């Protein structure tokens, strides 16, 4: 289905990507690559354009210019549902659960191309629908177990704590075994114990071959998980390299703290 | 005594017919979050399609084909589905208030067409002599109405069971997800437009079915049966009964139509004929008051939304 990747070609390649809102240039010619098997971090001061970049990659926004190549195919301007079906999943900075649906249903919604999503199949092929539903449920329980949410399966998602909602965001996208997951500030507003759980889960998924691209302000998380790190400021990429390198990079320090004296 | 019984049977028939409309709106609004303010328009398309196809031929009309009842019912649903699909394709990108304004305008246009296309719809005269199904079998109006009540009860029962099943299916789960957070549903791979359109067409088709059942129950339709007040009444029924709950939709239909007819009877009795117009306005005010009181003191409606969980996701 997908063009085969050469070993050197990155999983996600962004070139010359730009987005302006009126006279405001939010993303200003970004070039970056996310290589398969990495946890690539994306940091930068507030207003640097990080979430806008994620919205462009995930299809929530259409770029003003530039290209986005995922697994060898151009995806810029495609609608978000299609990009998700390609195996590129994203979570939201502010969690967006389906609050009145149970946690289990939040997950069972997700599998792609369910027979029962077609109106008539529910009447004409109830056996197939029931079979898939049982499989989806089993899969959802596995994922909930993995994300430490199994006890909450029958709880309406609106009743979860902020940290649990972050785990739910991750759990939902795991229902499809995505190739690349964009996480928008997974640790923000989460208590330290739950951050450990979250980080552990991310590292475990990484060992299983999932690639991550993560916006995060928690530097401890970035330094422990991310390699390489991409730094954005004022809509541009100003650094890409090791996390340690970013800490010593002049442009990065300037972006965070203003121009420092020599 | 017979008078009371026949009136109650008549009342129950109208409640069940309007109940189908409310169930259709509940699928659109209660489960998918689509603000359809053009209910009366789809109800009208069903009623007029049925009337035009089945009414006894008359030389001055284009239609009035005298076709069998069942042909009229099926064609009414097909015509309404086609109209809803067209309206849906054109407006489905619109959110909330914008969809409401567009669908309201479309319904008003449909009503004006039925009022002015005299050769097809009889204009202000309407279409008469719409045959009632199996009317020849029954010798009294009460006997016919009882049979029709049984027929309606069977149809509403079947629709209720089908709706309860479908909102608990994976298809219904996507509708509920779209209602709760459309952007999240899209980010999780669901093509929201497809589901919005399907729910819009299906709900509207139910309204068209109700229109056909109304036409063949009364035996007469005119453009004045489909003024915007009908849309308002159906919305009141859904909100008062409990949006997102099929039993609530039916209960609300009963309560609101009960208040409407009771206040109508009272007004006719108490208000002198010279003030008939003001009396009729009192009816509308009462429904408005009921709606406002519901929204203020019991916004979830009489029954309220129930937690709907997919059949295979329960404990």
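The values are calculated or read from the model by the stated rules, or taken from the named source; none is laboratory data. Only a predicted model underlies this, so the values are computations on that prediction, with no experimental measurement involved. Virtual Cβ from ideal backbone geometry, glycine too; neighbours counted across all protein chains shown.
Can you spot a residue in the range B:42-56 that is in contact with a helix residue (DSSP H, G or I) (Cβ under 6 Å, 6 or more places away or on another chain) and closer than 20 Å to residue B:98 by Cβ?
Yes - at least one qualifying residue is present in the range B:42-56.
Residue check: is residue A:128 farther than 13 Å from residue B:313 by Cα, more than 18 Å from the chain's Cα centre (by Cα), at pLDDT 95 or above and part of a helix (DSSP H, G or I)?
So residue A:128 passes the test.
Would you check which residues across the range A:93-117 are touching a helix residue (DSSP H, G or I) at 6+ places or on another chain (Cβ under 8 Å), more than 7 Å from every other protein chain (Cβ to nearest Cβ) and either free of Cβ contacts under 8 Å to residues at least 60 places away in the same chain or crowded, with 19+ Cβ neighbours inside 10 Å (or both) and list them?
A:95, A:97, A:103, A:106, A:107, A:111, A:115
Of the residues B:106, B:20, B:52, which single one is modelled with pLDDT of 90 or more, buried (at least 16 other Cβ atoms within 10 Å of the Cβ) and in contact with a strand residue (DSSP E or B) (Cβ under 8 Å, 6 or more places away or on another chain)?
B:52
For the range A:205-233: of the residues being farther than 17 Å from residue A:89 by Cα and out of contact with any helix residue (DSSP H, G or I) (no Cβ under 8 Å at 6 or more places or on another chain), which is surrounded by the fewest Cβ atoms within 10 Å (Cβ to Cβ)?
A:207
Criterion first (more than 9 Å from chain B (Cβ to nearest Cβ) and touching a residue at least 12 places away in the same chain (Cβ under 8 Å)) does residue A:57 satisfy it?
yes
Could you count how many residues in the range A:33-62 are assigned to a loop (DSSP other than H, G, I, E, B), surrounded by fewer than 23 Cβ atoms within 10 Å (Cβ to Cβ) and on the phi < 0 side of the Ramachandran plot?
Final tally of qualifying residues: 8.
Hey, residue B:33 hits all of (1) surrounded by 24 or more Cβ atoms within 10 Å (Cβ to Cβ); (2) outside any helix (DSSP H, G or I) but one; which does it fall short on?
Failed condition: (1).
Is the range B:279-295 home to any residue that is surrounded by 12 or more Cβ atoms within 10 Å (Cβ to Cβ) and within 14 Å of chain A (Cβ to nearest Cβ)?
no
Kindly state which strands (runs of 3 or more DSSP E) lie completely within the range A:183-262 and contain at least 3 residues that are modelled with pLDDT of 90 or more and more than 18 Å from the chain's Cα centre (by Cα).
Those strands (runs of 3 or more DSSP E) span A:236-241.
Any chance you could count how many residues in the range B:67-92 are under 18 Å from residue B:107 (Cβ atoms) and without any contact (Cβ under 8 Å) to a residue 24 or more places away in the chain?
Adding up the residues that qualify gives 4.
Quick check on the range A:69-91: of everything there that is part of a loop (DSSP other than H, G, I, E, B) and at the interface with chain B (Cβ under 9 Å from one of its Cβ atoms), which residue is farthest from residue A:173 (Cα to Cα)?
A:79
Exactly one condition in (1) within 15 Å of the chain's Cα centre (by Cα); (2) in a helix (DSSP H, G or I) is not met by residue B:243; state its number.
(2)
So, in the range A:134-153, of the ones that are facing chain B (nearest Cβ under 10 Å) and within 16 Å of residue A:170 (Cβ to Cβ), which residue ends up surrounded by the most Cβ atoms within 10 Å (Cβ to Cβ)?
The selected residue is A:140.
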